[in-house]
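Heads up, the thing below is written out as structure tokens.
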Amino acid sequence: MTTIGFIGLGIMGNAMVRNLAEAGYPVIAFDRHPEKVEAVLRDGIRPGYSIADVTRQSAVIITMLPDGPNVLEVMTEEGGVLSAIRTGTIVVDMSSINPLTSKCIAEMCNNKGAFFLDAPVSGGQPKAIDGTLAIMVGGDRLNFEKVLPLFKAMGSSVTLTGEVGSGNVTKLANQIIVACNIAAMSEALVLAERCGVSPEVVFCAVREGLAGSNVLNAKAPMVVAKDFKPGFRIRLHQKDLRNAMATAESMKVALPLTSMVHQLLIASMNRGDGDLDHSALIRLIASMSSKA
């Protein structure tokens, strides 16, 4: 079977690489933190000793990193992917980054005789663990079909959205919808509690109505339990909205609600909540309504 090189073993990557191995794919895993590599080693997963080492041995390279600059570094640094890539290799970046960065990386890969797909995901850590991520792919259909079985080992929904960059445009749209949902939920539940109505009761009352959503079903129970263990960190969602704002500016698109929620996420980071789950945005909303 195709040997897969997987670079980036954070909250999402460590679950995704396990699912690939469980599906029977041989995987070479690498992270700049050796302890993260040790944590995933098992049948089907062996360590890569450098980025170039992983690249030389793999027909498909998957990167899962925090942001565009991290992906560019892994691709272009001395001893990076592009220094060792072979003709015909398919690079799949599953990070959530600026679509323009995806297009830039695709061009660099093409210049080396390799191919590139941007394939960001949605679902957070729980769906990464379950292998039920939603995967949004941009790139050539032929290359998409070649790696589709890999995507199906990690996700339950896989959509080819268009040319390179389209995957990340779709992910930005997803992140706008999720962020605005969380902000609205936070305001609603803070209001309910201040009026003496249990947030849990409100959640149970509205979840089957028009206000119900996957976001509400996933995040309201965390808010009620005050359990903000990160499935997706505030600082990463802030990064995604920053990329959305930059993309919108380049296309002269107004994003008034996104801009406001982006500022709320920055304020949450400034109060020390950046590494909590994005549902912890409610802590900021509650503090803005606290009595003197």
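Residue count for segment 154-174, restricted to those that are under 18 Å from residue 253 (Cβ atoms) and not hydrophobic (A, V, I, L, M, F, W, C): 8. Looking across segment 47-73, the residues that are surrounded by 16 or more Cβ atoms within 10 Å (Cβ to Cβ), over 22 Å from the mean Cα position of the chain (by Cα) and outside any helix (DSSP H, G or I) come down to 48, 58.
Rundown of residues vs (1) at pLDDT 95 or above; (2) assigned by TED's automatic domain parsing to the domain that holds residue 177; (3) part of a helix (DSSP H, G or I), yes/no style:
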position	(1), (2), (3)
202	yes, yes, yes
209	yes, yes, no
215	yes, yes, yes
221	yes, yes, yes
224	yes, yes, yes
231	no, yes, no
242	yes, yes, yes
248	yes, yes, yes
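Screening residue 158 against (1) in a helix (DSSP H, G or I); (2) crowded, with 18+ Cβ neighbours inside 10 Å leaves a single unmet condition, (1). Note on segment 248-292: residues that are crowded, with 18+ Cβ neighbours inside 10 Å, in contact with a Cys (Cβ under 9 Å, 6 or more places away or on another chain) and among the aliphatic types (A, V, I, L, M) amount to 1.
In this entry, residue 83 is excluded by the filter for residues that are more than 17 Å from residue 144 (Cα to Cα), hydroxyl-bearing (Ser, Thr, Tyr) and in a loop (DSSP other than H, G, I, E, B). For segment 110-133, filtered to residues that are assigned to a strand (DSSP E or B) and in contact (Cβ under 8 Å) with a residue 40 or more places away in the chain, the residue that is surrounded by the most Cβ atoms within 10 Å (Cβ to Cβ) is 118.
From the list 78, 107, the one residue that fits, being without any contact (Cβ under 8 Å) to a residue 12 or more places away in the chain, in a loop (DSSP other than H, G, I, E, B) and out of contact with any Lys or Arg (no Cβ under 8 Å at 6 or more places or on another chain), is 78.
Here 86, 141, 194 are screened, and the one residue that is surrounded by fewer than 17 Cβ atoms within 10 Å (Cβ to Cβ), farther than 21 Å from residue 265 by Cβ, in the same structural domain as residue 219 (by TED's automatic domain parsing) and modelled with pLDDT of 95 or more is 194.
A count restricted to segment 200-256 and to residues that are more than 20 Å from the chain's Cα centre (by Cα) and hydroxyl-bearing (Ser, Thr, Tyr) stands at 1. Taking every residue in segment 7-18 that is within 14 Å of residue 231 (Cβ to Cβ) and pairing it with any residue that is assigned to a helix (DSSP H, G or I) and β-branched (Val, Ile, Thr), at least 6 positions away or on another chain, the pairs with Cβ-Cβ distances below 6 Å are 14/40; 15/129.
Evaluate the following for residue 101: is it at pLDDT 95 or above and either in contact with a helix residue (DSSP H, G or I) (Cβ under 8 Å, 6 or more places away or on another chain) or crowded, with 20+ Cβ neighbours inside 10 Å (or both)? So residue 101 fits the description; yes. Taken over segment 24-49, the criterion of being more than 17 Å from residue 11 (Cβ to Cβ) and acidic (Asp, Glu) is satisfied by 43 alone.
The values are calculated or read from the model by the stated rules, or taken from the named source; none is laboratory data. This is a predicted model, so every value here is computed, not measured. Cβ sites come from the backbone with ideal geometry, for glycine too, and all protein chains shown count toward neighbours.
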